[in-house]
Ligand code: ADP
Ligand code: ADP
């Protein structure tokens, strides 16, 4: 689903590569934690998957497509197949829960009848049934993140990218967020989550890829956050 072949990324203003000769394969349906200190290249990896950045060297394939050969007008179509969740939720403050999720379908021209059917299904999937008419500022941080996940997933993307999704959420609430991501993963969606959250990584026992200064220093199935050899 995601194939990086010897990928190096050097930003124009930087001397040191943000990613340095990275080769990673993520299969369809996998759940992967991307860990490593701040500045180790996690966000750069995610941006390359979305074709928000181009590699300086090497190849990136996503969902069977060589991104170097994907013309610019096809990039929106690629991004529709990839849901994104961020640390800061990024909800529309003047739309309620239903409208925030529906908006993701409206902008790609889905019919209203379809939207009315699928939005409540996804709102329920993330555990927010009964809260569809709440505004974001009436929700807890954990609930806001559930809305963001519903919005990212409502178009049934093949891949869900999550960048520190529990970074603004207390530990007890984070467990609930992980259950939602796990549920989404079980529908067959590939999940890649960048995180510093050791407790979460240790509790999930999923594949762990660790970056250090742009280099993969560990790739472990059913791994934990810290070293375990
Ligand atoms: P992480 O997500 O692990 O914190 P990043 O991918 O954001 O790491 O950053 C990796 C390196 O690339 C860092 O040294 C960072 O300063 C640099 N970097 C990230 N984005 C940019 C950018 N847009 N321009 C220049 N340098 C950047
Ligand atoms: P893609 O992003 O794959 O190109 P399209 O934009 O062609 O998708 O939309 C077609 C898909 O949208 C259908 O396969 C279906 O999943 C969904 N869809 C759109 N409208 C409806 C509808 N009224 N009822 C059910 N599914 C619908």
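Coordinate-derived values only; no laboratory data. Predicted, not measured: the structure shown is a model, and the values here were computed from it. Cβ atoms come from the backbone with ideal geometry, glycine included; neighbour counts cover every protein chain shown.
A Förster radius of 22 Å, combined with the Cβ-Cβ distance separating residue 66 from residue 218, puts the computed FRET efficiency at roughly 0.20. Applying 0.36 nm per residue to the separation of residue 5 and residue 182 and subtracting their alpha-carbon distance, the gain on full extension is 61.0 nm. Using C-alpha pairs below 8 Å separated by at least 6 residues, the relative contact order for the chain is 27 percent. The GNM of the chain, with springs linking C-alpha atoms under 10 angstrom apart, assigns the highest mean-square fluctuation among 88, 25, 197 to 25. Rounded, prolate or oblate for the range 150-229? Axes are the square roots of the Cα gyration tensor eigenvalues, ordered a ≥ b ≥ c, and the cut-off for rounded is a/c under 1.5. Prolate, since a/c reaches 1.5 and a/b exceeds b/c. Using the Stokes-Einstein relation with a Kirkwood hydrodynamic radius computed over Cα pairs, the translational diffusion coefficient of the chain at 37 °C and a viscosity of 0.692 mPa s comes to 181 µm²/s. For residue 156 and residue 25, the difference between the fully extended length at 0.36 nm per residue and the C-alpha to C-alpha distance is 45.0 nm. Translational diffusion of the range 20-82, estimated by Stokes-Einstein from the Kirkwood radius over alpha carbon pairs at 4 °C in a medium of 1.567 mPa s, is 101 µm² per second. Principal axis analysis of the Cα atoms in the range 91-156 yields extents of 30, 22, 17 Å, listed in decreasing size. Using alpha carbons only, how many degrees (0 to 90, rounded to 10) separate the axis of helix 97-106 from the longest principal axis of the chain? Here the helix axis deviates by roughly 60 degrees.
Calculate how steeply helix 171-186 sits against the longest principal axis of the alpha-carbon atoms of the chain, using the helix alpha-carbon long axis, and give the answer as 0 to 90 degrees to the nearest 10. So the helix axis and the longest Cα principal axis differ by about 80 degrees. Using only Cα coordinates, the Kirkwood hydrodynamic radius of the range 98-201 works out to 14.1 Å. Could you state the angle between the C-alpha long axis of helix 112-125 and the longest principal axis of the C-alpha atoms of the chain, as a value from 0 to 90 degrees rounded to the nearest 10? Between helix and principal axis, roughly 70 degrees. Our summary gives the range 91-156 a relative contact order of 50 percent, counting only alpha carbon pairs under 8 angstrom and 6 or more residues apart.
For the range 165-229 and the range 1-57, what is the separation of their Cα centres, given in Å? Between the Cα centre of the range 165-229 and that of the range 1-57, the gap is 17 Å.
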